[in-house]
Amino acid sequence: MAGPKLSEESILAFRDNLILEEKSTYTTEKYLRDVCAFFRFAGEKPVTKELVMDYKKALVGAGYAACSVNSMLASVNSLLSFLGWGDCKVKNLRVQRQTYCAEEKELSKAEYLRLLEASGKNTQLSIVLQTICGTGIRVSELRYFTVEAVQHGRITVSCKSKTRTILVPGKLKTLLLNYARQNHITAGPILLGRNGKPLDRSSIWRQMKQLCKSADVAPSKVFPHNLRKLFARTFYGIEKDIAKLADILGHSSINTTRIYIMTTGAEHRRKIERLGLVI
């Protein structure tokens, strides 16, 4: 028996449901990219478990990392559940938990400082980098840094149906308020684009990439989320309190936080060598 076909209308309905569930803008956009890719793959074929399994194989064959395949499958499975086609859902690839992260993707503190230096006269970009890295916020949470909130030194962030409070370090508070005063911003979000709206992820990503060459930092390490991870590793290195770090980052699961504080393979190797078990 042939299964149902996927339509643009069903994807739009899925999008509306994500919005009703108060998913973040980033999550909604990510899910839609993934389900649209599956929609293109399915074409006019009816959706069956066999088709979804073929899609899974196609992703693996295209060379996607296992974690990327699983992320895309999670979006597709979510769509299938929404449409009442749960019997078409497929299992994730089995992945052994990594104990260290790839060195080519980990941003060090020294590299971060070089990026700040390279930002030069771009005061706004420098402050954006320091705001994300100095507080561990998501790039989408920059809009909550208003003149009023920064003056109080406390930022209330609402994300993924949760609310948390972020404390603003003294130096960062001074930087932000000085910038606001110099740019005649007396109320509302401080970090705005040329259109007068809060800076978006793509604009920050593009500006950061432009710093790579002069800062001598590999482009693979330079993206907004890596600043959040640097905050996490630095905080954990001092406090050694993963539960408190999870609260600061707004994580529901400590398992997510563990991913943020993984050290590189080189650091992992040094720790093993210090055991002194090979003579």
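Taken together, the values in this text are just the output of simple stated rules run on the coordinates, not laboratory data. Keep in mind that this is a model prediction, so the values were computed, not measured. With ideal geometry, Cβ positions are generated from the backbone for all residues, glycine too; neighbour counts draw on all protein chains shown.
The dipole here belongs to segment 114-241: it is taken about the Cα centre, uses +1 on the Cβ of Lys and Arg and -1 on the Cβ of Asp and Glu, and is about 280 debye.
Across the chain, the mean sequence separation of Cα contacts (distance under 8 Å, 6 or more residues apart), normalised by length, yields a relative contact order of 19 percent. Counting only Cβ charges, +1 for Lys and Arg and -1 for Asp and Glu, the dipole size of the chain around its Cα centre is about 580 debye.
Here segment 39-197 has an Rg and Dmax of 22.1, 60 Å, counting Cα atoms alone. In the chain, the DSSP-assigned H stretches of four residues or longer account for a calculated mean residue ellipticity at 222 nm of -17000 deg cm²/dmol, using -39500 (n - 2.57) per stretch and the full residue count as denominator.
Here's the list of lysines a cross-link from Lys209 could span, going by alpha-carbon distance under 24 Å and ignoring same-chain residues fewer than 8 apart: Lys30, Lys105, Lys109, Lys121, Lys197, Lys221, Lys229.
Its Cα centre serving as origin, segment 1-124 has a Cβ charge dipole (Lys and Arg +1, Asp and Glu -1) of approximately 300 debye. Ellipsoid fit via the Cα gyration tensor, the chain: semi-axes of 36, 27, 18 Å, each the root of five times an eigenvalue, largest first. Segment 188-210 and segment 121-168 have Cα centres spaced 13 Å apart. Can you pull the Kirkwood radius for segment 156-250, inverse mean 1/r over Cα pairs, to one decimal in Å? Hydrodynamic radius (Kirkwood, Cα pairs) of segment 156-250 is 16.0 Å. Here's the list of aspartates and glutamates a cross-link from Lys45 could span, going by alpha-carbon distance under 19 Å and ignoring same-chain residues fewer than 8 apart: Glu8, Glu9, Asp34, Asp54, Asp87. Placing R0 at 22 angstrom, the Cβ-Cβ distance between Glu103 and Tyr64 gives a FRET efficiency of 0.60 after rounding to 0.05. With Cα atoms as the point set, segment 8-88 shows a radius of gyration and Dmax of 12.3, 35 Å.
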